[in-house]
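Below: one structure, written as structure tokens.
The values are calculated or read from the model by the stated rules, or taken from the named source; none is laboratory data. Every value quoted in this text rests on a predicted model; they were computed, and no experiment measured them. Here Cβ is always computed from backbone atoms with ideal geometry, including for glycine, and neighbour counts include all displayed protein chains.
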Amino acid sequence: MVAAKPEPDFTKKKEMVHSPLLTYFSVITLLSTCPPFVILLWYTMVHQDGSILNTFNYLKENGIEGFVNIWPRPTAIAWKIIACYALFEAALQLWLPGKRVEGPISPTGNKPVYKANGVLAYVVTLVTYIGLWWFGIFNPTVVYDHLGEIYSALIFGSFIFCVFLYIKGHVAPSSTDSGSSGNIIFDFYWGMELYPRIGKNFDIKVFTNCRFGMMSWAVLAVTYCIKQYETNGKVSDSMLVNTVLMLVYITKFFWWEAGYWNTMDIAHDRAGFYICWGCLVWVPSIYTSPGMYLVNHPVNLGLQLAISILIAGILCIYINYDCDRQRQEFRRTNGKSLVWGKAPSKIAASYTTTKGETKTSLLLTSGWWGLARHFHYVPEIMSAFFWTVPALFDNCLPYFYVAFLTILLLDRAKRDDDRCRSKYGKYWKTYCTKVPYRVIPGIY
Ligand code: NDP
């Protein structure tokens with residue numbers, strides 16, 4: 001979800017990046033259109049053969065009433081599936097062992113502490129889920145068959161959860177990294193707390209973003225595969241390529257989860273509708289949608305094409321991983337790591353915290369980070385393209401995620417540039433002179 005975001009500052013009323021009218025308009029539009037869009041996408045994928053035209057004709061004929069009729073009511077089974085899954089993931093997050101990891105220093109000088117048990121939680125989740133199916137205890141096709149009801153329950157449940165976050169931000173913030181913009185809509189949309197917790201150890205954003213959102217992506221990818229197998233007695237090569245690439249990507253995510261805790265989602269974006277609703281609803285519905293489409297469209301690619309797409313996708317996921325790794329290794333070693341076999345070129349950028357302390361961050365200006373200031377978004381978008389392309393081109397809807405991701409990341413590159421410019425001032429200007437392109441070398 002993309003909208004102009006106010007600058008993060010926990011002490012003052014916020015400055016708008018764009019005009020207040022445009023900011024209000026984009027926030028209200030996203031709040032009101034994202035929930036129905038999730039339902040329409042599911043309905044088109046599952047009941048209209050993935051054809052936008054079919055859904056359009058249906059809505060033209062039946063109007064608003066037709067839309068209300070296709071919106072599934074959240075059923076008891078949907079709530080049960082969500083509750084079991086959420087409780088299971090919360091228990092793994094709390095109780096599985098993991099290394100103690102410190103996050104980056106927050107704007108008010110706090111250092112959040114996490115337990116890095118993501119890989120273990122990921123393995124336990126997939127082994128349990130596949131085991132339940134294998135031993136006939138729970139059939140994942142039940143999840144697919146109630147998908148609309150599950151999304152509907154998630155839409156309403158997550159909305160209530162965001163109201164809880166809003167109230168908690170006002171009455172019981174977990175740390176000093178919290179505050180109000182003075183505007184109820186922005187507080188609800190962008191969130192109030194940077195690191196909300198339940199008790200001392202249960203980090204809410206780790207739960208919503210990683211253990212619920214990203215984990216559900218893996219669980220649903222496996223669900224779609226099993227559904228196709230149970231329906232057709234086999235899994236098509238297109239579904240296999242899609243599932244393997246998504247699982248490689250999510251495995252990479254959990255492998256690097258502690259690194260994710262240093263990124264904008266965690267270190268800069270507060271817990272509100274934008275991030276939390278996005279991870280609780282948008283990730284399980286939109287991010288998984290190419291697989292949802294393939295369930296009823298078992299394209300046969302042939303061995304050569306399937307392997308070529310697989311290799312290209314894995315290469316993109318690797319490059320994206322290597323970009324993140326290069327930046328974090330560079331920061332972790334205080335600029336002493338080798339970058340592409342050489343000593344890195346860098347800028348020592350000073351900035352002032354909200355408490356008035358002067359600190360210095362190192363900016364890497366060689367390797368992937370010397371190609372463009374956000375080059376890592378290119379392989380991210382290409383990976384999504386490669387796990388979607390097995391659907392071929394009969395319908396454009398499976399490509400919605402790729403299009404959405406492209407807009408999201410171009411907006412994010414701008415947001416991050418704006419934030420870094422105001423944080424680092426002249427040092428960021430020097431970086432922009434040295435590395436003039438924002439995302440695509442030579443083009444943008
Ligand atoms: P990162 O947080 O990883 O990087 C941006 C931050 O890094 C900046 O805010 C700045 O923070 C620091 N930085 C910027 N330039 C440099 C530099 N040259 N050297 C060192 N540090 C620098 O970005 P993202 O959170 O956007 O991305 C992380 C990963 O998540 C990527 O792989 C991305 O593709 C993926 N992603 C996926 C999305 C999806 O929906 N699929 C959405 C968003 C991201 P500081 O203040 O510390 O200087």
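In the range 17-29, the residues that are of a type in the set (A, V, I, L, M) and assigned to a helix (DSSP H, G or I) form Cβ pairs under 8 Å with partners that are modelled with pLDDT under 85 and surrounded by 13 or more Cβ atoms within 10 Å (Cβ to Cβ), at six or more places apart or across chains, as follows: Leu22/Ala4; Val27/Ala3. The residue pairs whose first member lies in the range 403-416 and is under 15 Å from Phe375 (Cβ atoms), whose second member is near the ligand (Cβ under 9 Å from one of its atoms) and of a type in the set (Phe, Trp, Tyr), and whose beta carbons are closer than 9 Å, counting only pairs six or more residues apart or on different chains, are Thr406/Tyr377; Leu409/Tyr377; Leu410/Tyr377; Arg412/Tyr377; Ala413/Tyr377.
Looking across Ala218, Ala172, Ala153, one residue alone is out of contact with any Cys (no Cβ under 8 Å at 6 or more places or on another chain), under 27 Å from Gly259 (Cβ atoms) and among the small types (Gly, Ala, Ser). It is Ala218.
Out of all the residues in the range 257-270, is one or more in contact with a helix residue (DSSP H, G or I) (Cβ under 6 Å, 6 or more places away or on another chain), polar (S, T, N, Q) and in contact (Cβ under 8 Å) with a residue 40 or more places away in the chain? Among the residues of the range 257-270, not one is in contact with a helix residue (DSSP H, G or I) (Cβ under 6 Å, 6 or more places away or on another chain), polar (S, T, N, Q) and in contact (Cβ under 8 Å) with a residue 40 or more places away in the chain, which makes the answer no.
Quick check on my filter: what residues within the range 100-132 are basic (Lys, Arg) and touching a residue at least 40 places away in the same chain (Cβ under 8 Å)? Correct list: Lys115 only.
So, in the range 368-395, of the ones that are part of a loop (DSSP other than H, G, I, E, B) and within 9 Å of the ligand (Cβ to nearest atom), which residue ends up farthest from Leu408 (Cα to Cα)? Going through the qualifying residues, I end up with Arg373. Tell me yes or no: at least one residue of the range 400-414 is modelled with pLDDT under 95, within 11 Å of the ligand (Cβ to nearest atom), over 30 Å from Leu53 (Cβ atoms) and of a type in the set (Asp, Glu). No.
Got a number for residues in the range 353-365 being modelled with pLDDT under 95, closer than 26 Å to Tyr444 by Cα and either part of a loop (DSSP other than H, G, I, E, B) or away from the ligand (no atom under 11 Å from the Cβ) (or both)? The qualifying residues number 0.
Tyr437 meets the conditions (1) part of a helix (DSSP H, G or I); (2) away from the ligand (no atom under 11 Å from the Cβ); (3) under 30 Å from Thr23 (Cβ atoms) in every case but one. The failed one is (1).
Looking across the range 227-258, the residues that are assigned to a helix (DSSP H, G or I), closer than 24 Å to Val402 by Cα and polar (S, T, N, Q) come down to Gln228, Ser238, Asn242, Thr243, Thr251. Cβ separations smaller than 7 Å between residues 6+ apart or across chains give the following pairs from the range 330-347 residues that are over 18 Å from Ile319 (Cβ atoms) to residues that are β-branched (Val, Ile, Thr): Ser345/Thr365; Lys346/Thr365; Ile347/Thr365; Ile347/Thr430. Residues that are near the ligand (Cβ under 9 Å from one of its atoms), closer than 21 Å to Thr406 by Cα and at pLDDT below 95 number at least 1 in the following helices (runs of 4 or more DSSP H) confined to the range 259-352: 264-267, 303-332.
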